[in-house]
Structure formats: C-alpha cells, structure tokens
Amino acid sequence: MSENNSTLISNIQYLKDQNKLFVQLFSAPDVTYEFLEVPIDIFEQFINAPSRGKFFNSKIKKNFKVIKTS
C-alpha cells in the first residue's frame, strides 16, 4: 500500500475475496467503518488518489452500504 496522504483517514484495509473495505478515521480512532461490495478498482483508485479524504467523501462514503463497529 502507498504512503498515507490523508489527514482524515488513519487506516485502510481491503478484503479482496469479500470486496470489503475497512476505514478508520483520525477523528474516531475506535470506530471502524466496513463498506460492503466495494469493487477492487474503487479500492485501487482510493489508495492511489491524490487526496484520499476527498475520494472517500465523494466516491465511497455515500455510495456503498456501511456497517459501523467499535
């Protein structure tokens, strides 16, 4: 994975076999957001985006079903 270039997102993990994206934010370090049915190409665009925070807010946050866990 490339270097983290975000002041919003502290951690990103992706389960390729399940198309699940896990995101943690600096503002809520004890919360994990599990996004379901995220295609691999969206994940690759996400980790390579010039601004991961902007990509997250515009392409992921409201476009995929999410489960919030703590």
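Readers should treat all values here as calculations from the given coordinates under stated rules, not as data from a laboratory. Keep in mind it's a predicted model, so treat the numbers as computed, not measured.
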task: Please report, in Å, the Rg and the Dmax of the chain, where both are computed over Cα atoms only.
output: 10.9, 29
Computed [θ] at 222 nm, deg cm²/dmol, the chain (DSSP H ≥ 4; -39,500 (n - 2.57); rounded to nearest 500): -4500 deg cm²/dmol
